[in-house]
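Comments concern the structure below.
FYI, it's all coordinate maths here, none of it is from the lab. What you are looking at is a predicted structure, and each value in this text was computed from that prediction instead of being measured. Because the Cβ atoms are built from the backbone with ideal geometry, glycine has one as well, and the counts that use them run over all protein chains shown.
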There are 2 protein chains.
Amino acid sequence: MAAPTVPVVPVPAGDGAACCGPLTGEPLSAEAAATLARTFKAVADPARLRLLSLVAAHEGGEACACDLVEPLGLSQPTVSHHLKVLVQAGLLTRDKRGVWAYFALVPEALDALSAVLATPARALAGSAG
Amino acid sequence: MAAPTVPVVPVPAGDGAACCGPLTGEPLSAEAAATLARTFKAVADPARLRLLSLVAAHEGGEACACDLVEPLGLSQPTVSHHLKVLVQAGLLTRDKRGVWAYFALVPEALDALSAVLATPARALAGSAG
């Protein structure tokens with residue numbers, strides 16, 4: 001019954017979204033675009049999107065690697081690879097406890113990426129008739 | 001002085017974000033993840049991120065292809081390729097007028113992608129102390 005809560009953890013240095021305001025703000029510099037594209041590449045994969053979604057859906061917003069292999073239908077090394085990419089992009093944290101690693105969302109990183117794509121259009125739509 | 005306005009246009013059938021709720025909602029199906037990944041792939045490129053940003057920054061939220069080549073520092077065929085990918089992903093519309101094509105953002109598509117990544121964490125952070 002408990003609502004999933006996501007621990008607030010420091011965003012690793014690799015986080016690419018912190019660099020940039022919304023796309024609909026100032027034109028993006030080449031450097032900012034390169035940084036941002038790296039983070040979007042981490043997201044732009046079906047297995048990694050499903051992993052983010054599975055981790056988020058787990059109780060406590062944290063999932064053991066052992067619980068992520070079966071739902072994806074991929075081999076454990078493949079799942080480990082995708083989890084590593086997400087950790088390196090700053091979208092998941094990894095915490096080794098005993099034999100298993102536990103992964104949790106970094107909500108600030110997802111929200112920062114989300115903010116890059118958001119437009120003011122939705123807000124305007126109400127008043128523009 | 002006029003604030004940029006973005007014309008509301010129908011989202012092409014290729015729009016991949018309309019399929020899916022937020023990642024932090026229900027676990028994503030394999031099909032939804034595949035569709036969504038295609039759209040994120042369109043965004044996950046430095047040149048295409050800059051094109052979206054340049055189009056958005058243009059007066060009226062619409063830009064002539066002829067104004068997009070120089071700021072990117074890429075060849076015209078390369079810019080045309082990236083614009084085509086963005087149109088196919090449903091993130092830009094293309095309108096041929098005379099010899100030039102004009103490109104405009106599809107704010108609904110960007111907002112839908114943005115909503116996929118947004119987490120409820122920011123809202124919770126205020127009350128979780």
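For residue B:96, the lysines whose Cα comes closer than 23 Å to its Cα, not counting residues fewer than 8 places off in the same chain, are B:84. Sorted shortest first, the separations between the residue A:66 label point and its copies elsewhere in the assembly read 6.6 nm; each point sits 7 Å from Cα along the Cα-to-Cβ line.
Sorted shortest first, the separations between the residue B:80 label point and its copies elsewhere in the assembly read 4.7 nm; each point sits 7 Å from Cα along the Cα-to-Cβ line.
Distance between the C-alpha centres of region B:73-90 and region A:58-93: 33 Å, rounded to the whole angstrom.
Model label sites at residue B:31 and residue B:81, defined 7 Å from Cα along the beta-carbon direction, differ in position by 3.3 nm.
Projecting the Cα atoms of A:78, A:64, A:37 onto the dipole axis of region A:36-82, where Lys and Arg carry +1 and Asp and Glu carry -1 at the beta carbon, places A:37 farthest toward the positive end. Distances, shortest first, from the label point of residue A:100 to those at the same position in the other copies read 5.9 nm; the point lies 7 Å along Cα to C-beta.
Sorting the Cα pairs of region B:29-129 by distance into bins of 5 Å, from 0 upward, gives 2, 12, 21, 21, 14, 10, 8, 6, 3, 2, 1, 0 percent per bin.
Here region B:23-86 is treated with +1 on each Lys and Arg Cβ and -1 on each Asp and Glu Cβ, and its dipole about the Cα centre works out to around 220 debye.
Across region A:47-88, C-alpha contacts under 8 Å between residues 6 or more apart give a mean separation that, scaled by the residue count, equals a relative contact order of 42 percent. Full extension of the segment from residue B:59 to residue B:95, taken as 0.36 nm per residue of separation minus the current Cα-Cα distance, would add 11.4 nm.
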